[in-house]
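Structure first, commentary second.
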Amino acid sequence: MVRNSIILIAAALLATSAQGQSFHTIARNTADSVVLRWAPASVEAWLMHNTFGYRVERLEITPTTSRRSKAERIGPDSIRPLPLDGFIARFPKDHPSAGAMAQMLHGNGEQLPSDANNIMGAAITADGQRMRWSVCLLLSDLDPAMAQAAGLRCVDRTAKPGATYLYRVIALHPQHGDTAIVGVNRAMVEPLPDGPELRAEELERRVQIGWLMPSGLAAFSGYWV
């Protein structure tokens, strides 16, 4: 019956978010918490949702859960990037990523030119915005603290062992709101997959290290060597 409830509610909720999703969400179930991560699918969505933020809601799936069941908010009412003074207060000056993330979020980016004929200027500005968006997402993948600072991560430490939840991440833009849904079964804690198998070739005064990308490891964004 619990499984049928999951299918019923998921179908109802996903029907509103399957078309034109402006951001995507994944969840990782650990022994003591559920970690949610999301990422805007475009530069425009990143800029838009940075301003208005996101809200995370959780619905527990039980035999009595129905479409009328009320979801519970997890975390603050609006999850947004840290302001610049928040970076200064939270991270030391020598933090390896905080300065770059603050620059991506709060740097003095050029505005799109008002002259519609200025195609070159618009292209340069668009490339700069795309770079900031890309670097923000990469830093968020490499460092959980940066994902939190960018307003792209939420940790639920109140999730009960063995429970089943549907999490709803809601973009709060008043005209361009969006919702992403992800389900988590707390009874199934998946370990992190092993990294790729290394191969080394000894050459003249150097060693060349390489690895193949096995099936199922495409979720890795980078490697420490």
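The values are calculated or read from the model by the stated rules, or taken from the named source; none is laboratory data. Given the structure is predicted, the values throughout are model-derived calculations rather than measurements. Reconstructed Cβ throughout: ideal geometry from the backbone, glycine too, with neighbour counts over all protein chains shown. Areas reflect the complete protein model, heavy atoms only, side chains present, ligands, DNA and RNA absent. Shrake-Rupley method; radii C 1.70, N 1.55, O 1.52, S 1.80 Å.
Structure data summary
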item: Residue count for region 23-51, restricted to those that are open to solvent by 60 Å² or more (accessible area, probe 1.4 Å) and more than 13 Å from the chain's Cα centre (by Cα); result: 5
item: Among the residues listed as 113, 81, the single one being surrounded by 11 or more Cβ atoms within 10 Å (Cβ to Cβ), modelled with pLDDT of 95 or more and touching a helix residue (DSSP H, G or I) at 6+ places or on another chain (Cβ under 6 Å); result: 81
item: Search result, residues across region 52-74 that are over 19 Å from residue 20 (Cβ atoms), outside any loop (DSSP other than H, G, I, E, B) and open to solvent by 40 Å² or more (accessible area, probe 1.4 Å); result: 55, 60, 72, 73
item: Positions within region 184-205 being open to solvent by less than 100 Å² (accessible area, probe 1.4 Å) and modelled with pLDDT of 90 or more, in sequence order; result: 184, 185, 186, 187, 200, 201, 203
item: Test: residue 183 is free of Cβ contacts under 8 Å to residues at least 24 places away in the same chain and in contact with a strand residue (DSSP E or B) (Cβ under 7 Å, 6 or more places away or on another chain); result: no
item: Residue among 137, 166 that is assigned to a helix (DSSP H, G or I) and within 17 Å of residue 35 (Cα to Cα); result: 137
